[in-house]
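Asks: Mind looking over this structure? Questions follow.
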Amino acid sequence: MSASRSYSAGAVFQRLVRAIGIVVIFSVVGPLTMAALISLIAVAFGAVLLQMFLALIELDAMRTMVSVAVWLLAFVTVLASLLPSIVAGLIFALAAVYGGINMIWMAWLAAAIAVAGFVAFGMFVVPSESSAVILPDVRSVRQAVTLSAMLGVLAIVPAGLCWWLAKPLHRASIAP
């Protein structure tokens with residue numbers, strides 16, 4: 001990052017558009033990658049058990065139900081990870097475009113902060129049964145720390161992919 005920064009209207013607008021682009025990338029790619037990762041983990045761990053279960057009962061109709069369940073899991077994962085992805089994108093965009101910190105560790109840190117904030121929010125806010133808000137049901141600090149750590153580790157892959165896809169936006173320089 002250069003010592004002199006242009007504050008012309010065009011440069012300010014370009015930085016704002018770059019930041020919005022980064023947030024959009026994080027809010028689209030992040031949830032989709034997280035859904036693919038969770039579905040892959042569920043299928044990988046459940047495939048052996050499912051094959052044994054299907055061989056034992058010999059119900060081919062279960063294959064359709066399992067397929068629908070995996071798609072439903074992916075859809076709910078996209079919905080649940082949308083808000084933390086937007087927040088992570090916003091944190092990273094501010095750090096990269098306005099602060100000049102555009103390293104991959106900053107994307108990981110932004111994702112970890114968003115996940116921890118999302119879990120902490122779930123400690124204090126309990127949505128009603130008719131609410132469309134998806135928050136984790138956290139009942140203790142230990143459970144919050146454990147959940148934040150697990151989700152933070154899972155968020156490494158989506159945050160890294162978002163960082164890589166947003167490279168042209170956060171590494172761009174604006175001529176003075």
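Asks: Could you tell me which numbered condition T146 fails, if it satisfies all but one of (1) buried (at least 20 other Cβ atoms within 10 Å of the Cβ); (2) modelled with pLDDT of 90 or more; (3) more than 25 Å from I22 (Cα to Cα)?
Replies: Of (1) buried (at least 20 other Cβ atoms within 10 Å of the Cβ); (2) modelled with pLDDT of 90 or more; (3) more than 25 Å from I22 (Cα to Cα), only one is false for T146: (1).
Asks: Same structure, new question: Within the group V87, V97, which residue is farther than 18 Å from I41 by Cβ and in contact with a Lys or Arg (Cβ under 7 Å, 6 or more places away or on another chain)?
Replies: V97
Asks: So, in region 87-121, how many residues would count as being among the aliphatic types (A, V, I, L, M) and surrounded by fewer than 18 Cβ atoms within 10 Å (Cβ to Cβ)?
Replies: 6
Asks: At pLDDT 90 or above and closer than 17 Å to L161 by Cβ: does that describe V17?
Replies: Judged against the criteria, V17 is not a match.
Asks: Okay, next question. Which one of L40, L16, L32 is part of a helix (DSSP H, G or I), without any contact (Cβ under 8 Å) to a residue 24 or more places away in the chain, under 15 Å from V70 (Cα atoms) and not basic (K, R)?
Replies: None of the others qualify; the one that does is L40.
Asks: Go through region 66-104 and count every residue that is of a type outside the set (S, T, Y) and either without any contact (Cβ under 8 Å) to a residue 40 or more places away in the chain or touching a His at 6+ places or on another chain (Cβ under 7 Å) (or both).
Replies: 18
The values are calculated or read from the model by the stated rules, or taken from the named source; none is laboratory data. In this text the structure is predicted, and so the values were computed from the model without any measurement. Ideal geometry is used to build each Cβ from the backbone, glycine not excepted, and the neighbour counts take in all protein chains shown.
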